[in-house]
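Below is one structure, written out as structure tokens; the observations come after it.
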Amino acid sequence: MKVLVTGATGLVGSELLKQLQAKGDEVVFLTTAQNKLNAQPNCQGFYWNPQTRQIDPACLAGVEVIIHLAGSSIDGSWSKEGKKMIINSRVEASQTLYQLLSEHPHQVKQIICASAVGIYDTLDDIQTEEEYTPATNFLGKVVQQWEGENRRFENLGIPVAILRIGLVLSRAGGALPHIEQMAKYYLASPLGRGTQYYSWIHLQDLARIFLFVMDNHLQGAFNAVAPNPETNKQFTKQVSRAVGRKMLLPAVPAWVLRLVLGEKAMLVTEGQYISCAKLLKLDFTFHFSILPQALENLYEGGMGYEMMR
């Protein structure tokens, strides 16, 4: 099968390309950087610029599935301009793809789009794809608009799957390296009340979910999170243990974090308990279903669990 991937040079995209190639799929990708057209081994890159709606129609040749990951990091600035960039990077990318597919012949039979658990309100109650309280904060508005644009592909007769991704665990990027660095210097501590849930997912399992949805021709929304969310306090404690340290400091009050980070403090002081029961009922098997198991894999051979055994 031939697969087109957007956002292929990012953390998730790089792992996804590796797994797609390992199973024998042909992969092409879109990139906004001319110097990254050959950035991925054994993959052909095509240039696009969603801001100007520029895209090479040749990227569609023979493609049956599009995996759409493109979007700037929410970890960037939350200034007025920063928020605009976070929204536009998602909306404009989807609009550019939609225009391409509506104006050119193609063989695309499925589009699998990245989304985020930020669509869910920050509650401790279990929330599912169908039964949830929509978030009204900035992230909630971003994800609702993002998903709205991606559902438009259905107007072209193309089935759409949406993966609502939780906190991605990888030592190559995302939040984990920052927490790890703090833990190594005994500076990691609970944030805010510490009881807020983090719905996490190991990077390898996340890529496997994309493949599972593709291979089974699924459509609709799916929560791409592991079966066992952890509270912020337990999460921080487990990461500290993984690097051979103890969590010694008391919790940092939420008001202090808001003073330092502003509105963006909600990324660490709030959380959601998200269910992946829908995937489990479809017989998806997680390789890393509990946090200690995921961290042991990530820190295997390092100073962490080896020291603590």
Probe 1.4 Å, heavy atoms of protein chains only: per residue, the accessible area of the stretch 55-124 in Å² is 40 Å²
Among [x] 15.2; [y] 16.0; [z] 18.8, the entry matching mean projected area of the Cα convex hull in nm² as calculated here is [y]
In order over the stretch 276-288: 3J(HN,Hα) from phi, Karplus 6.51/-1.76/1.60, θ = phi - 60°, whole Hz, x for each Gly or Pro, gives 10, 4, 4, 5, 4, 5, 8, 6, 6, 10, 7, 7, 9
Expressed as a whole-number percentage, the relative contact order of the chain with C-alpha contacts under 8 angstrom and at least six residues apart is 17 percent
Expressed in angstrom and ordered largest first, the alpha-carbon extents of the stretch 1-77 along the principal axes are 38, 27, 21
Rg/Rh over Cα atoms for the stretch 136-253, Kirkwood Rh, comes to 1.07
If one compares the long axis through the Cα atoms of helix 138-151 with the longest principal axis of the Cα atoms of the chain, the angle in degrees, nearest 10, works out at 30 degrees
Rounded to the nearest 5, the percent of antiparallel DSSP beta bridges in the stretch 162-254 equals 20 percent
Between the Cα axis of helix 232-242 and the main Cα principal axis of the chain, the angle (0 to 90°, nearest 10) is 90 degrees
Between the alpha carbon centres of the stretch 84-109 and the stretch 28-51 the gap in Å comes to 16 Å
Amide H contacts under 5 Å for Leu167, restricted to residues at least 5 apart in sequence or on another chain and with H modeled in the peptide plane, are Ser199, Trp200, Ile201
Counting only DSSP beta bridges fully inside the chain, the antiparallel percentage to nearest 5 is 15 percent
In this structure, among Lys141/Lys264; Lys18/Lys84; Lys23/Lys184; Lys184/Lys264; Lys18/Lys237, pairs with alpha-carbon gaps over 26 Å are Lys18/Lys84; Lys23/Lys184; Lys18/Lys237
To the nearest 10 degrees, the tilt of helix 80-103 (Cα long axis) against the first principal axis of the alpha carbons of the chain is 30 degrees
Between Ile162 and residues 5 or more places away or on another chain, the pairs with built amide H atoms under 5 Å apart involve Cys113, Gly220, Ala221, Phe222
Residues other than Glu131 with Cβ under 13 Å of its Cβ, Lys/Arg counted +1 and Asp/Glu -1, net out at -3
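The values are calculated or read from the model by the stated rules, or taken from the named source; none is laboratory data. What you see is a predicted model, and the numbers here were worked out from it, not measured in a lab. Positions of Cβ are backbone-derived with ideal geometry, glycine not excepted, and every protein chain shown enters the neighbour counts. To get the accessible areas, we keep the full protein, side chains included, count just its heavy atoms, and leave off ligands, DNA and RNA. Shrake-Rupley method; radii C 1.70, N 1.55, O 1.52, S 1.80 Å.
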